[in-house]
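Below is one structure, written out as structure tokens, with a few remarks after it.
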Amino acid sequence: MTLPPLVEPAADLSIEEVRRYSRHLIIPDVGMDGQKRLKNAKVLAVGAGGLGSPVLMYLAAAGVGTLGIVEFDTVDESNLQRQIIHGQSDVGRSKAESARDSIKEINPLIDVRLHETRLDSENVLDIFREYDLIVDGTDNFATRYLVNDACVLLDKPYVWGSIYRFDGQVSVFWNEHGPNYRDLYPVPPPPGMVPSCAEGGVLGVLCATAGAIQATEAVKLITGIGETLLGRLMVYDALEMTFRTIKVRKDPEGEPITGLIDYEAFCGVVSEEAQEAAAGSTITVDELKDMMDAGKDFELIDVREPNEYEIVSIPGAKLIPKDEILSGRKLSELPQDRPIVLHCKTGVRSAEVLAAVKNAGFKDAVHVQGGVTAWATRIDKALPTY
Amino acid sequence: MSVTVRYFAGARAVAGVDTETRDAGSLDELVGQIVDEHGERLERVLTACSFLVDGTQTRDRAVALSPGAVVDVLPPFAGG
């Protein structure tokens, strides 16, 4: 959909700016007018992670005058496989500050504003209000619904992108002129059903493909050129190497968004069944270690995937992936004669499995809080985390 | 009545095809057919999927499908 330019042009470009942006200036569709609009634009990146990295770096290079970054996290070694705005020497630093330093190195003319806070219903409207355009590159459903609803309430457009393993999805949502995220995904998936990138993995370079499309859409919206992805969803499959676009219309049955809600509760961390099952049936890794040291007779079952088991596992654990138990296929492999202790990476999947095995009659089954990650950080620090 | 189903991301992975043609008069009937064909793994994925019928997200499985309709099956993910 063609839209008018989102931002008014700045008064002028300096000689330095003309030199820097000359390859833009000689494209007739961008020109001086478009570059002045970029200079005047205020864009907020939610997250300086996999998608935020290419988005911020390219928008900085393109001359977007003000870049905001919402990010509360610090740089972890496991980020460096894809979050190319951060480097080895940034490990342990604030991601927001690390991103600002990279941006300044690419283009010192950019004004960078840091919002080193966790976005929530209390602060989102005040932060978003300062910007012309939002670019969503967060990593969880709760924040995605929060970003959407805040943009709807403030009548702001935003560029949405999402990635998992080899798949990317990108669209532009602007409730005033087209669909919003809830017209595509009205409610979050059942808790624990859809793994995050931390649980399921992501191809590093996928971030570049999806993030570059997001940055492209941001430039087009600011300058008012071309056909944006408003009303269309771009779906990228890196394995098949296909880009497919899907038409997305407003849902006539969609409930109007009139205020912000409790997004953690809306999306849930684990299902109610799992919470119920886990209440009173959760042990810590210290308790697990004590049970092992005391020579107690029990079966420790790891419900993760085989490739995760290969990376790190708790000694003595038997691998039966979650889906094999939930589908009933491997229910028969569970021992009848001794208690079952379930674990996964962090305790989310094992809680879901716990609910299922309890329903199947294994009343004394328990699961391990924090999973193998807690084991590797508390009991055996020589083991890797991932 | 012939309708086109397009699978994306994880739904495509478990269905093993990206597009197929079906004879179904309602979304419910269509879902029944594709689950019969592709099995319980697809059924599990579908519990989280959005169904876009000619571009409009549809939660009502009883909705009638007109001849030539295109149904997009989209799994959500939130990674960034």
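The values are calculated or read from the model by the stated rules, or taken from the named source; none is laboratory data. Remember, it's a predicted structure, so these values are computed and weren't measured experimentally. Note: ideal-geometry Cβ built from the backbone for every residue, glycine included; neighbour counts use all protein chains shown. When the accessible area is computed, the model is the full protein with side chains, heavy atoms only, and any ligands, DNA or RNA have been set aside. Shrake-Rupley method; radii C 1.70, N 1.55, O 1.52, S 1.80 Å.
Candidates in the range A:221-251 are the residues that are out of contact with any helix residue (DSSP H, G or I) (no Cβ under 6 Å at 6 or more places or on another chain) and assigned to a loop (DSSP other than H, G, I, E, B); of these, the one that is surrounded by the fewest Cβ atoms within 10 Å (Cβ to Cβ) is A:Met241. Of the residues A:Ala294, A:Ala360, A:Ala355, A:Ala376, only one is touching an Asp or Glu at 6+ places or on another chain (Cβ under 7 Å) and of a type outside the set (D, E, K, R); which? After applying the criteria, what remains is A:Ala355. Taking B:Arg22 as meeting all but one of (1) surrounded by 15 or more Cβ atoms within 10 Å (Cβ to Cβ); (2) under 23 Å from A:Leu206 (Cα atoms), write down the number of the exception. Only one criterion is unmet by B:Arg22, namely (2). Scanning the range B:42-72 for residues that are open to solvent by 40 Å² or more (accessible area, probe 1.4 Å) and at the interface with another protein chain (Cβ under 8 Å from one of its Cβ atoms) turns up B:Arg44, B:Thr47, B:Asp54, B:Arg59, B:Asp60. Residues satisfying the criterion are present in the range A:252-269 (criterion: closer than 23 Å to A:Leu125 by Cβ, open to solvent by 40 Å² or more (accessible area, probe 1.4 Å), out of contact with any Gly (no Cβ under 9 Å at 6 or more places or on another chain) and of a type in the set (Gly, Ala, Ser)). Can you tell me which residue is modelled with the lowest pLDDT among those in the range A:324-360 that are among the β-branched types (Val, Ile, Thr) and open to solvent by less than 50 Å² (accessible area, probe 1.4 Å)? Filtering the range A:324-360 for residues that are among the β-branched types (Val, Ile, Thr) and open to solvent by less than 50 Å² (accessible area, probe 1.4 Å), the one modelled with the lowest pLDDT comes out as A:Val348. Just checking, does the range A:269-286 include any residue being at pLDDT 95 or above and either of a type in the set (Val, Ile, Thr) or over 28 Å from the mean Cα position of the chain (by Cα) (or both)? Checking the range A:269-286: not a single residue is at pLDDT 95 or above and either of a type in the set (Val, Ile, Thr) or over 28 Å from the mean Cα position of the chain (by Cα) (or both). Taking the criterion of being under 22 Å from the mean Cα position of the chain (by Cα), among the charged types (D, E, K, R) and in a helix (DSSP H, G or I), the residues of the range A:77-114 that qualify are A:Glu77, A:Asp90, A:Lys95, A:Glu97, A:Arg100. Exactly one residue out of A:Ala198, A:Ala210 is in contact with a strand residue (DSSP E or B) (Cβ under 9 Å, 6 or more places away or on another chain), open to solvent by 20 Å² or more (accessible area, probe 1.4 Å) and part of a helix (DSSP H, G or I): that is A:Ala198. Taken together, the residues in the range A:1-46 that are farther than 26 Å from A:His115 by Cβ, open to solvent by 60 Å² or more (accessible area, probe 1.4 Å) and part of a loop (DSSP other than H, G, I, E, B) amount to 9.
Yes/no matrix, rows are residues, columns are (1) in contact with a strand residue (DSSP E or B) (Cβ under 9 Å, 6 or more places away or on another chain); (2) of a type in the set (D, E, K, R); (3) over 16 Å from B:Ser2 (Cα atoms):
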{"site": "B:Thr21", "(1), (2), (3)": "yes, no, no"}
{"site": "B:Ala24", "(1), (2), (3)": "yes, no, no"}
{"site": "B:Leu27", "(1), (2), (3)": "yes, no, no"}
{"site": "B:Asp36", "(1), (2), (3)": "no, yes, yes"}
{"site": "B:Glu40", "(1), (2), (3)": "no, yes, yes"}
{"site": "B:Val45", "(1), (2), (3)": "yes, no, yes"}
{"site": "B:Leu52", "(1), (2), (3)": "yes, no, yes"}
{"site": "B:Arg59", "(1), (2), (3)": "yes, yes, yes"}
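Taking strands (runs of 3 or more DSSP E) as the structural unit, those lying wholly within chain B and holding at least 3 residues that are in contact (Cβ under 8 Å) with a residue 40 or more places away in the chain correspond to B:2-7, B:70-74.
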